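Please read the structure below before turning to the comments.
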Protein chains: 4
Amino acid sequence: MTTPSGGHAENKGANVENGGGRGGDERVPVGVVGTGGMGGMHAMCLHRKVAGAKVVAVSDVDAERAGKVAGDCGGAVVFGDAVEMIRDESVEAVVIASPDPTHAGLVLECLRIGKPVMCEKPLATSPGEALGIVEAEVDLGRRLVQVGFMRRYDPQHVDVKRTVDSGHIGRPVLFKGWHRNQRIPPGTDSEGVIVNSGIHDLDSARWMLGEEIEEVFVRGLNTSGSSGGELDLQLIQLSFSGNCLGIIEVNVDAGFGYEVGVEVVGERGTAYTAPPTGAIVRLQNSYAQNVETDWLERFETAYTVELQNWIESIYRGRPGGPDAWDGYASLVAAEACIASIRSGRPEAVATPERPALYAGEATGVAG
Amino acid sequence: MTTPSGGHAENKGANVENGGGRGGDERVPVGVVGTGGMGGMHAMCLHRKVAGAKVVAVSDVDAERAGKVAGDCGGAVVFGDAVEMIRDESVEAVVIASPDPTHAGLVLECLRIGKPVMCEKPLATSPGEALGIVEAEVDLGRRLVQVGFMRRYDPQHVDVKRTVDSGHIGRPVLFKGWHRNQRIPPGTDSEGVIVNSGIHDLDSARWMLGEEIEEVFVRGLNTSGSSGGELDLQLIQLSFSGNCLGIIEVNVDAGFGYEVGVEVVGERGTAYTAPPTGAIVRLQNSYAQNVETDWLERFETAYTVELQNWIESIYRGRPGGPDAWDGYASLVAAEACIASIRSGRPEAVATPERPALYAGEATGVAG
Amino acid sequence: MTTPSGGHAENKGANVENGGGRGGDERVPVGVVGTGGMGGMHAMCLHRKVAGAKVVAVSDVDAERAGKVAGDCGGAVVFGDAVEMIRDESVEAVVIASPDPTHAGLVLECLRIGKPVMCEKPLATSPGEALGIVEAEVDLGRRLVQVGFMRRYDPQHVDVKRTVDSGHIGRPVLFKGWHRNQRIPPGTDSEGVIVNSGIHDLDSARWMLGEEIEEVFVRGLNTSGSSGGELDLQLIQLSFSGNCLGIIEVNVDAGFGYEVGVEVVGERGTAYTAPPTGAIVRLQNSYAQNVETDWLERFETAYTVELQNWIESIYRGRPGGPDAWDGYASLVAAEACIASIRSGRPEAVATPERPALYAGEATGVAG
Amino acid sequence: MTTPSGGHAENKGANVENGGGRGGDERVPVGVVGTGGMGGMHAMCLHRKVAGAKVVAVSDVDAERAGKVAGDCGGAVVFGDAVEMIRDESVEAVVIASPDPTHAGLVLECLRIGKPVMCEKPLATSPGEALGIVEAEVDLGRRLVQVGFMRRYDPQHVDVKRTVDSGHIGRPVLFKGWHRNQRIPPGTDSEGVIVNSGIHDLDSARWMLGEEIEEVFVRGLNTSGSSGGELDLQLIQLSFSGNCLGIIEVNVDAGFGYEVGVEVVGERGTAYTAPPTGAIVRLQNSYAQNVETDWLERFETAYTVELQNWIESIYRGRPGGPDAWDGYASLVAAEACIASIRSGRPEAVATPERPALYAGEATGVAG
């Protein structure tokens, strides 16, 4: 039997349209920008766990670590310049995991030449920059950008979202999120806590409730005793369009490990992520499970599914997952949080109307 | 940068030796025997989630369902005859998921022509048949057979095994396993409960304790009220070499869902698989999580990692995971369980000496 | 052997001083004001589960239900007038469980004649009224008032408090409380939600952190769809003296049952109340535990220990547990919450200096 | 209102019949035999937590510790001779917590003079001795003996039992029990493990399933490495009348703490005791709860409810809880376990017909 009628192959046309010439069974050739912790992880994940992808190129200003990642991925070509790599005709899709300030420019380059791009959060360093990406995509008339809000692919988050969407708990009315890192990275200030860490939670809240944030109120503490006095523990209270509330604990110096969880309270019930799933160990008068030490460990599955789904969306020619609008809206909310830290008062979040391009699927359950 | 120094490519020699001519970056062409529930699942998993594999052929006596699976996998070739497919030069590695009585013969065919094979459990329908495979491999002088004891790749089981191996709980002295299916498949008799279901638990006990079973005592009940009176609930008490004990509940008509768990008690502590990991939902005076309905759902991740590791072991040229000896030893213990059901008494398990070929790694943590 | 050297008897002097003439082994004769749900429960608890107490009198305007409770308690005397009962010389200690507006006046009567009193929350209906009680006690120079914040006796809350006090999790920096009732009682308005329900959480936060509340910010929703539009879901953000934060969910129409929990985040770790403790039941693809339907069921043990400790404190002549100051300070914070609901802004909480009478033990772990 | 119509008083007649002359509101005067760990705990529990009891006498050969307990209980009289105390007319009900070999004789003395007695397990040191008590009670024609199987009063066990009795999980078909002590007491041999520890589990299994044990098979290990080689870990497989099975792990040198749990598997579902209920603490990459160190801590509530219900049963004149038959039947099963240890084979349990006196209530849910 030789009729290749299903799966990847059926979207061959879309692929031709996107990048040209690749057969239905061929792997998508991907270029990865940045080969540090996140970029290296994405590259290895594409190489070892994503069936339809092939890492053909990596770029980094650090040639040595780029070379190592390229080798580990079975011999990708190394570029010193990200734009050159993005433009290279061997590359059909791009993953961006370089430093934050480079994100917006590289994403715009991908849009300019019509290549699908999966960009790590934050999409940009300001709402204005992100709005530029949204406008470019709207002009293009199709979505090519996915933002790396990987929690949308975490099985435990997905299960909560499915429960919410099932209607069993009634209309969702309250989002509760907690986000704890073991140690604050050196040099992070109060605003960095929002833009680098809290932005995940702002997106998570928007996704879980399916509403935009309308007001934020932030109170914070310095718990590490550091001289900078940065607010490493922040409590962000949210009001949403559609008559919902939210509360987020961002705690980037929690000491005991890494932990992320959410609860969504509905009018009839509530749903939340389960406690740890590792082996239960009883030793020395204790009943214990391990807590992960960082996000790479905690969200290993989420990162894999994120990339699997992204590659599938390229085969299907139908973008999915968190999009440029999500990247933009989360930055608008983050900016309001920063304003609230400065003013000590609740601050309104001025999110414009969502363009029609981003209606529907994009905020639904991933995959 | 173009130095393909790492990952799959470094074992190119081994691959050439195993199957000839395939470059380091090429996917392993796999043929899948059987396209029913298990076979179809394995084929789709290889196609969508295993980076280094390519399903090039499937075989089944049912051409229609084979054709559907072939199409879903991007256009594999369909064979009506499994042996013909195994021998086809397009196929370099084989997955066997056809009915149990065919397993041993097809595995021997793979051994005869030197192709790596991942065979669903049970490896054979009798210890004698399985011993034939062990002897053939020993004659060959290298391991090509992996048996589908997927629990060894389940993150929760792996975490318990790691805890045991860490030494924290002291010498392991007691294995406790529970294995519950929603409904007994029609036509299953008391012996089939052992050979089809309990065999997983017998392997799990051997793996967790790192010891062979020396005595079994089985008591059972018919709880379904079926006219056949088959023992759908069996309680298997085990004694091991190395002074350990074990108890297994095999309950194939439990009614409420599918569930598998293990606990290993050590001299200083105990470790066990965690409760369900899905969203916690509070509704109508209840605090609840879903229980999976079958093994495909419960062990989805395990099946994926099993195949990823199998493909990696082919690239590396170093077999891993449960091997022919594990397939054989579990059948020897199963046979003793059946004898105990018949006699109503404890029965000795006569496992011969393990050949040197199977020393070491094979009973360690997978991956 | 006849040396009554321990336990109750050693505080005989204190008892004589408090009420006169009662021997060390005699039970404390208690009068209970109010024989509705709470009052009846307290009376029966004293009768059946508190070894050193004897319910000698009850009072209620409803003679019939008072008579029933009196009979169930082994034949207590029934009074129609609470003040008359409080003054009766047969009564040495008083429990107040009558409607909220009567609390302050009856407590003052107890203070006037020097009888220990356990008053249900709230201590009064306004901070001013409660301050009057505090001032009367300060004038008296000794503490006779205990307030019915029973969570301080709940084993799960006590275990969290002990963990905090142990120092293991470092300085406590964040309190998180959730408080869910199945249905809002008819006639409750937004302010009643604070004064009747949220007041427990305000006390709990003060107790857990050992600090006073300095600022509150409240956002709320009507989730029941009732015509009154009362805010049955309130999210209260707190700032504390001593550089701590807090967040409370008060959700009095949660639909699914009754639930109260707390988490205290410290600088090095976090501690929280465990999930339900009832039998785990697996049925129909579900893993479930029951959720209690109301506070009487959830806090049955806490109510018992509360009264046992209160009676013990009378024997010992050393008051313990939540005191008049706690009753007052919680009302001051509640008033600020109501102001925040009205203003839509954060509001400062103006708690005066704590009198020396209330230093120390009173805010420690009960019992 | 002065009509003492309810509660304790309504059974005044029964009390008069049992002991004579005590009014409905008076506390039951109790004598406690043995003032070691268990006896002292029972005495203090009666004194502080059981509303209707008064410890009037204690007896012990160790006058000093007896004197201390008597003092702590508010001045009980101390006896050096247990029989003298039992016969003393100031004592109306007896708790026996002296060494095991004294139990049967003291219980028979209570029966002889018609006083209710709560005897710690085991009821006797042999089935024959226990049968003598059963026969004496049958001759007397009424039940005066309760046996200290306190698990029947543990809230978590009671919740499992209620679930079983509700019928929701279908007919119970399998009992699973685990019982772990931190360290084996010096001088305990393999048989002592059964008679002192396992006897609780044998009673628990009988109670949960409502059936008698018909066959046992025991395998054991020495895990402590002690020179005596006693089997400190025993795995007891059970077959019951009524077509049920059971498995018990008795592990008296588990090292990590004290733990008791049960699961009852029914034809449609399963129910089991919940994990620890103490505060969850996250520290140093761990999610942990404390495990109790001994039975006094783990079963504190159960011991209290046991005595509260025992005193209530005296007021009511209707015995409840585990009775002499339960004490006897558990010893018969224990004897068979010992025989199985010796023979290495399954052994039949020859329990005679249950006398009519013990029909019904006694094996139901306590309280």
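The values are calculated or read from the model by the stated rules, or taken from the named source; none is laboratory data. Predicted model only: the values in this text are computed from it and were never measured. A quick note on method: Cβ atoms are made from the backbone with ideal geometry, for glycine too, and the neighbour counts reach across all protein chains shown.
Here A:GLY246 fits the description: in a strand (DSSP E or B), away from chain B (no Cβ under 14 Å) and crowded, with 23+ Cβ neighbours inside 10 Å. The residue of the stretch C:249-270 that is surrounded by the most Cβ atoms within 10 Å (Cβ to Cβ), among those that are more than 20 Å from B:SER286 (Cα to Cα) and within 22 Å of the chain's Cα centre (by Cα), is C:VAL264.
Exactly one residue among B:ILE184, B:ILE199, B:ILE194 is within 14 Å of another protein chain (Cβ to nearest Cβ) and of a type in the set (Val, Ile, Thr), and that residue is B:ILE184.
Checked against (1) touching a residue at least 40 places away in the same chain (Cβ under 8 Å); (2) crowded, with 21+ Cβ neighbours inside 10 Å; (3) aliphatic (A, V, I, L, M), A:ILE280 meets all criteria but (1).
In the list D:ALA288, D:ALA336, D:ALA356, D:ALA302, which residue meets the criterion of being in the same structural domain as D:GLY192 (by TED's automatic domain parsing), in contact (Cβ under 8 Å) with a residue 12 or more places away in the chain and small (Gly, Ala, Ser)?
D:ALA336
Looking across the stretch A:76-93, just one residue is surrounded by fewer than 16 Cβ atoms within 10 Å (Cβ to Cβ) and either in contact with a Pro (Cβ under 7 Å, 6 or more places away or on another chain) or touching a residue at least 60 places away in the same chain (Cβ under 8 Å) (or both), and that is A:SER90. Residues in the stretch B:26-75 that are crowded, with 24+ Cβ neighbours inside 10 Å, more than 8 Å from chain A (Cβ to nearest Cβ) and in a loop (DSSP other than H, G, I, E, B): B:GLY34, B:THR35, B:ASP60. Determine, yes or no, whether D:LEU235 is touching a strand residue (DSSP E or B) at 6+ places or on another chain (Cβ under 7 Å), among the aliphatic types (A, V, I, L, M), outside any helix (DSSP H, G or I) and more than 14 Å from chain C (Cβ to nearest Cβ). For D:LEU235, the condition - touching a strand residue (DSSP E or B) at 6+ places or on another chain (Cβ under 7 Å), among the aliphatic types (A, V, I, L, M), outside any helix (DSSP H, G or I) and more than 14 Å from chain C (Cβ to nearest Cβ) - is met. Between A:GLU215, A:GLU230, A:GLU211, the distinction of being in the same structural domain as A:PRO352 (by TED's automatic domain parsing) and either in a strand (DSSP E or B) or of a type in the set (S, T, N, Q) (or both) belongs to A:GLU215 only.
For the stretch B:258-282, a tally of residues being under 21 Å from D:VAL264 (Cα atoms) and at pLDDT below 95 returns 3. Of the set (1) farther than 15 Å from B:ARG282 by Cβ; (2) modelled with pLDDT of 95 or more, all apply to C:ASN285 but (2).
Listed by first and then second residue, the pairs linking a residue in the stretch B:143-172 that is over 19 Å from B:GLY266 (Cα atoms) and within 14 Å of chain A (Cβ to nearest Cβ) to a residue that is assigned to a helix (DSSP H, G or I) and small (Gly, Ala, Ser), with Cβ atoms under 6 Å apart and 6 or more places separating them unless they lie on different chains, are B:ARG151/B:SER204; B:TYR153/B:ALA302; B:ASP154/B:ALA302. Scanning the stretch D:229-256 for residues that are of a type in the set (Gly, Ala, Ser) and at pLDDT 95 or above returns D:SER239, D:GLY246, D:ALA254.
Looking for something more than 28 Å from C:GLU211 (Cα to Cα), crowded, with 23+ Cβ neighbours inside 10 Å, out of contact with any Cys (no Cβ under 7 Å at 6 or more places or on another chain) and not acidic (Asp, Glu) - is there at least one such residue anywhere in the stretch C:290-301? Yes: one or more hits. You will find that of C:SER241, C:SER197, the residue that is farther than 26 Å from D:GLN289 by Cβ, small (Gly, Ala, Ser) and surrounded by fewer than 21 Cβ atoms within 10 Å (Cβ to Cβ) is C:SER241 and no other.
Here's the yes/no breakdown for (1) at pLDDT below 95; (2) more than 25 Å from A:THR188 (Cβ to Cβ); (3) aliphatic (A, V, I, L, M):
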residue: A:PRO29; (1), (2), (3): no, yes, no
residue: A:LYS49; (1), (2), (3): yes, yes, no
residue: A:ILE86; (1), (2), (3): no, yes, yes
residue: A:GLU89; (1), (2), (3): no, yes, no
residue: A:VAL94; (1), (2), (3): no, yes, yes
